[in-house]
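Following: one structure in structure tokens, then a few remarks.
The values are calculated or read from the model by the stated rules, or taken from the named source; none is laboratory data. Here the structure is a predicted model, which is why all the values come from computation and not from measurement. Note that each Cβ is placed from the backbone with ideal geometry, even for glycine, and that neighbours are counted across all protein chains shown.
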Amino acid sequence: MNVSQLAARYGIPKKVINTLRDSGYDALYPPQVEAFKSGVLGGKNLILAIPTAAGKTLVAEVCMLRSILKNNGTCLYVVPLRALASEKYEDFRKKYAPLGVSVGIATGEYDLPGNKLARYQILIATSEKVDSLLRMRARWLGESLSVAVLDEIHYIQDPSRGPTLEIVAARLRQVNPELQLLALSATISNGEELAAWLDADLISSDWRPVPLLEGIYSENKLFYSDFTTRVLAGKKSNPIEPLVIDTIDDRGQILVFVNSRRSTRTVAHSLAPAVQRRLSPGDKESLQVLARAVEGVLSEPTQLCRDLAHVVRSGVAFHHAGLHREQRKLIENAFRSNSVKVICATPTLAAGVNLPARRVVVRDWHRYQSGRGSQPIPIFEYKQFAGRAGRPGYDTTGEAILVAKKQGDRERLFEHYITGAAEPLRSQLGHGGALASHVLASIASGYAVSKKDILHFLSLTFFSVQEDVAFLSLKIDEILDFLLREELIFCRDYISSGYSLDESAELHPTAFGSTISRLYLDPLSGLTIKNGLLKLGRRPPTEIELLHLICCCPDMALLNVNKADYTALKERVLDGEMRLLVDPPAFEDEERRSLYIAAAQTAHMLLHWINERTEDAVCERFGIGPGDIRRHIETADWLLYSTGRIASLCDADEALPAMDELRQRVKYGIKRELLELVSLKGIGRARARNLFNSGFRSLEKIRKASTKKLSAVPAIGPRIAQSIKKQL
Ligand SMILES: Nc1ncnc2c1ncn2[C@@H]1O[C@H](COP(=O)(O)OP(=O)(O)OP(=O)(O)O)[C@@H](O)[C@H]1O
Ligand SMILES: [Mg+2]
């Protein structure tokens with residue numbers, strides 16, 4: 001079947017067909033045909049469990065467009081990661097905006113208030129964002145949403161993101177029983193279970209548009225899954241290099257997956273000389289431009305930026321979460337346009353992005369897990385890595401190669417990863433602290449008014465398909481007890497009886513509980529902040545007190561602490577030299593004590609940032625990258641805002657000005673004296689500091705100055721000087 005037949009058979013509007021054809025689609029892939037034949041265009045729920053690059057997105061796109069253009073529907077495309085959201089957003093907008101379909105994105109970074117999002121016909125969002133909209137009771141999700149796509153549904157087994165994805169799916173179906181759901185993934189081995197949960201048809205297939213040859217590389221020899229072998233020439237000391245050279249000499253590109261950020265850099269550096277020798281003059285020229293762009297993303301480049309720019313000139317890049325988002329995007333695009341030949345990456349690159357790698361090399365199939373040491377990666381993860389090889393439109397074959405470090409590994413790896421099937425997806429709802437947050441949200445948003453309602457809702461989750469809900473009932477008792485005790489919810493009967501709660505007893509949120517839920521905070525973060533503010537009393541907080549308080553919240557990701565810092569911090573914060581708003585944990589509680597120290601380390605990093613240490617110095621001092629600084633700034637911004645809201649509830653209004661001020665300072669990374677200057681558009685920490693040091697210490701001073709004088713300030717120049725004058 002080809003795309004034109006979608007018009008006659010399923011009534012897909014002609015203009016959609018034309019757009020698809022213009023985008024290069026002609027014949028439909030067999031699993032796509034099967035999906036359309038299954039009745040998905042008539043509104044049935046569908047699980048699409050087909051290999052990587054087998055065209056799952058197109059099925060979802062056609063369903064959404066049909067719903068929008070024929071039934072005036074509204075669609076939601078849910079993804080697990082922001083990077084994937086922006087890729088889909090750009091792709092859908094380019095293709096479908098000309099059809100008059102409005103496409104929007106909501107990930108927390110460019111978002112609009114919930115009700116405004118209703119105007120988009122396709123909204124792309126992370127599951128956390130959808131969860132937050134559901135908590136705000138965005139009415140359109142229940143009333144006008146017609147299709148929801150859950151892309152990369154295998155994230156349901158991710159301990160940190162999975163529970164939210166599951167809750168979102170269950171809640172959307174609860175508020176909107178008519179909703180059509182499509183769940184997509186290449187690595188589902190228990191599709192029947194998932195289909196039973198979502199009341200969906202299941203399409204599963206092994207068909208691939210581009211054949212994928214898998215193999216093991218051991219001592220310069222490739223052992224392929226079709227039982228052929230090949231010997232590669234080259235150094236044994238650097239096992240990756242022969243694989244890279246072989247790919248590039250064959251005019252292909254290659255992705256190398258390793259397990260640490262440090263390895264991405266060392267491997268990239270080790271490959272640079274050999275790759276450089278194979279570049280054309282044209283490549284070299286575009287790589288120079290790219291290197292300048294990569295280095296120029298920050299106004300003050302860090303060592304990592306320079307390092308990246310350096311290897312990029314040789315056609316090699318590294319890619320991990322410590323890079324600035326813009327740098328990652330530049331690298332991915334340069335790989336797509338074939339100027340970068342090799343990317344050495346951590347697993348963050350593997351999730352569903354389309355990159356034209358002829359060959360994928362998985363060097364590290366072990367990863368360090370805290371408390372468990374080095375563990376083999378799951379099979380599904382290997383399959384996701386492998387699936388980046390041989391994407392349609394770029395290559396006609398793909399190769400995924402696992403590197404065996406020892407003789408004996410070869411067969412073991414072959415059997416486990418290549419012939420093995422991905423692990424069955426398992427619900428994570430019963431583990432970790434996520435459930436408390438979702439139970440609170442259920443009550444706070446009015447979805448549940450009793451334990452019975454909560455249990456009913458949980459019977460709609462994937463968890464209930466796999467586990468005994470009776471087990472959950474005990475857990476829910478514990479959670480409700482915790483929420484009641486900490487006054488996040490209240491129940492008249494509970495107060496009077498004081499023990500076991502009746503299933504029908506009415507539960508209500510307190511103002512505090514509602515606020516925590518709407519702010520999308522972990523209840524433990526909310527309590528940490530509240531208790532810290534109570535301890536503060538009526539005096540204004542210091543910078544470090546506030547920073548440490550937010551870093552003690554489980555919502556803040558914590559930095560690693562090296563031995564020397566650990567010892568120093570231990571003396572300062574654990575042994576009582578420094579008084580903070582959260583008391584140190586008891587002596588015996590090793591685990592919480594290390595978290596407390598890591599919180600102090602993270603607060604310390606933010607303190608360096610707001611004291612205008614250069615980005616380079618902060619990165620160097622704390623062993624992080626510009627991307628990490630930005631993620632911490634974003635979280636700190638949210639937690640400081642939340643602290644302000646909680647302070648208003650606790651009658652701690654005296655603390656508000658200090659919080660607002662600190663929030664601005666964290667956002668810009670500045671001392672107090674620059675606050676006024678950064679209110680100007682185009683003026684960040686570096687330019688504000690230059691203005692200040694040149695005597696322009698206030699807006700008033702700048703207003704009085706001539707454009708010429710302003711232009712002379714370092715990094716200002718005539719264009720920015722004019723813009724400043726205009727603003728004033
Ligand atoms: N029928 C088709 N004809 C030609 N190209 C197609 C067709 N269907 C999909 N493609 C192209 O194949 C590539 C992979 O498709 P898609 O991104 O949907 O893969 P996927 O199944 O979602 O894989 P993953 O599991 O890795 O996310 C895309 O570039 C897409 O445009
Ligand atoms: Mg996909």
Residue that is nearest to ligand 1 (Cβ to nearest atom), among those in the stretch 30-42 that are more than 30 Å from the chain's Cα centre (by Cα) and under 16 Å from TYR10 (Cβ atoms): VAL33
Close pairs (8 angstrom Cβ cut-off, 6 or more residues apart or separate chains): touching a residue at least 12 places away in the same chain (Cβ under 8 Å) in the stretch 715-728, among the polar types (S, T, N, Q) and part of a loop (DSSP other than H, G, I, E, B) anywhere: ALA715/SER299
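Name the residue, out of LYS681, LYS671, LYS709, that is surrounded by fewer than 15 Cβ atoms within 10 Å (Cβ to Cβ) and of a type in the set (Lys, Arg).
Values: LYS671 fails: surrounded by fewer than 15 Cβ atoms within 10 Å (Cβ to Cβ); LYS709 fails: surrounded by fewer than 15 Cβ atoms within 10 Å (Cβ to Cβ).
Of LYS681, LYS671, LYS709, the one residue that is surrounded by fewer than 15 Cβ atoms within 10 Å (Cβ to Cβ) and of a type in the set (Lys, Arg) is LYS681.
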Tally of residues being within 17 Å of GLU661 (Cβ to Cβ) and touching a residue at least 40 places away in the same chain (Cβ under 8 Å) across the stretch 675-708: 1
Meets criteria (of a type in the set (Ser, Thr, Tyr) and out of contact with any Phe, Trp or Tyr (no Cβ under 8 Å at 6 or more places or on another chain)) for SER437: yes
Failed item, numbered, when ILE47 is tested on (1) within 12 Å of ligand 1 (Cβ to nearest atom); (2) β-branched (Val, Ile, Thr); (3) closer than 27 Å to THR397 by Cα: (1)
Failed item, numbered, when ALA169 is tested on (1) buried (at least 24 other Cβ atoms within 10 Å of the Cβ); (2) more than 16 Å from ligand 2 (Cβ to nearest atom); (3) over 19 Å from CYS63 (Cα atoms): (3)
Residues of the stretch 634-651 that turn out to be more than 29 Å from ARG325 (Cβ to Cβ) and in a helix (DSSP H, G or I), as a count: 4
Complete set of residues in the stretch 272-312 that are buried (at least 18 other Cβ atoms within 10 Å of the Cβ) and part of a loop (DSSP other than H, G, I, E, B): LEU279, VAL297, LEU298, PRO301, THR302
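With respect to TYR382, is the statement that it is under 27 Å from GLU219 (Cα atoms) and within 16 Å of ligand 1 (Cβ to nearest atom) true?
Here the answer is yes, as TYR382 does meet what is asked.
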Number of the condition not met by ARG230 [criteria: (1) part of a strand (DSSP E or B); (2) under 25 Å from ASN71 (Cα atoms)]: (2)
The stretch 56-77, subset within 26 Å of the chain's Cα centre (by Cα) and surrounded by fewer than 22 Cβ atoms within 10 Å (Cβ to Cβ), residue farthest from ligand 2 (Cβ to nearest atom): LEU58
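From ARG621, ARG613, which residue is farther than 14 Å from ILE544 by Cα, part of a helix (DSSP H, G or I) and basic (Lys, Arg)? Let's see the steps before the verdict.
Details: ARG613 fails: part of a helix (DSSP H, G or I).
After applying the criteria, what remains is ARG621.
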Residues located in the stretch 8-55, provided they are surrounded by 15 or more Cβ atoms within 10 Å (Cβ to Cβ), outside any strand (DSSP E or B) and among the small types (Gly, Ala, Ser): ALA35, SER38, GLY43, ALA53, ALA54, GLY55
Condition broken by ASP583, with the remaining ones in (1) assigned to a loop (DSSP other than H, G, I, E, B); (2) within 31 Å of the chain's Cα centre (by Cα) satisfied: (2)
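From the list ASP111, ASP158, ASP151, ASP131, exactly one residue is among the acidic types (Asp, Glu) and either at pLDDT 95 or above or touching a strand residue (DSSP E or B) at 6+ places or on another chain (Cβ under 6 Å) (or both). Which is it? So that I can check it myself, show each step before the final result.
On the way: ASP111 fails: either at pLDDT 95 or above or touching a strand residue (DSSP E or B) at 6+ places or on another chain (Cβ under 6 Å) (or both); ASP158 fails: either at pLDDT 95 or above or touching a strand residue (DSSP E or B) at 6+ places or on another chain (Cβ under 6 Å) (or both); ASP131 fails: either at pLDDT 95 or above or touching a strand residue (DSSP E or B) at 6+ places or on another chain (Cβ under 6 Å) (or both).
Being among the acidic types (Asp, Glu) and either at pLDDT 95 or above or touching a strand residue (DSSP E or B) at 6+ places or on another chain (Cβ under 6 Å) (or both) holds for just one of ASP111, ASP158, ASP151, ASP131, which is ASP151.
Which residue is nearest to GLU543 (Cα to Cα), if the candidates are limited to the stretch 569-579 and must be at pLDDT below 90 and surrounded by 16 or more Cβ atoms within 10 Å (Cβ to Cβ)? Before you say what the answer is, go through the steps one by one.
So in the stretch 569-579, the residues at pLDDT below 90 come out as 570-579.
In the following step, the residues that additionally are surrounded by 16 or more Cβ atoms within 10 Å (Cβ to Cβ) were identified as 570, 573-574.
Details: LYS570: 20, VAL573: 15, LEU574: 19 Å.
This residue is VAL573.
Could you tell me how many of the residues in the stretch 361-394 are within 16 Å of ligand 2 (Cβ to nearest atom) and either within 20 Å of the chain's Cα centre (by Cα) or not aliphatic (A, V, I, L, M) (or both)?
At the first step, the residues of the stretch 361-394 found to be within 16 Å of ligand 2 (Cβ to nearest atom) are 380-381, 383-394.
Now narrow it down to the ones that are either within 20 Å of the chain's Cα centre (by Cα) or not aliphatic (A, V, I, L, M) (or both): 380-381, 383-385, 387-388, 390-394.
Adding up the residues that qualify gives 12.
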Wholly within the stretch 378-463, helices (runs of 4 or more DSSP H) carrying at least 1 residues that are touching a residue at least 12 places away in the same chain (Cβ under 8 Å) and farther than 19 Å from ALA186 by Cα: 409-413, 434-444, 451-458
Boolean, ILE105 is surrounded by 23 or more Cβ atoms within 10 Å (Cβ to Cβ) and touching an Asp or Glu at 6+ places or on another chain (Cβ under 9 Å): yes
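If you check VAL62, VAL16, which single one turns out to be more than 10 Å from ligand 1 (Cβ to nearest atom) and more than 30 Å from LEU194 (Cα to Cα)? Let's see the steps before the verdict.
Details: VAL62 fails: more than 30 Å from LEU194 (Cα to Cα).
Within the list VAL62, VAL16, the selection yields VAL16.
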Residue within the stretch 667-677 that is more than 22 Å from the chain's Cα centre (by Cα), outside any helix (DSSP H, G or I) and closer than 20 Å to LEU524 by Cα present: no
Residue check for GLY55: more than 27 Å from GLU381 (Cα to Cα) and either within 13 Å of ligand 1 (Cβ to nearest atom) or at pLDDT below 95 (or both): no
Enumeration of residues in the stretch 1-27 that are within 16 Å of ligand 2 (Cβ to nearest atom) and free of Cβ contacts under 8 Å to residues at least 40 places away in the same chain: TYR25
Checking VAL362 against (1) within 20 Å of GLY398 (Cβ to Cβ); (2) within 16 Å of ligand 1 (Cβ to nearest atom); (3) out of contact with any Leu (no Cβ under 7 Å at 6 or more places or on another chain), the condition it does not meet: (3)
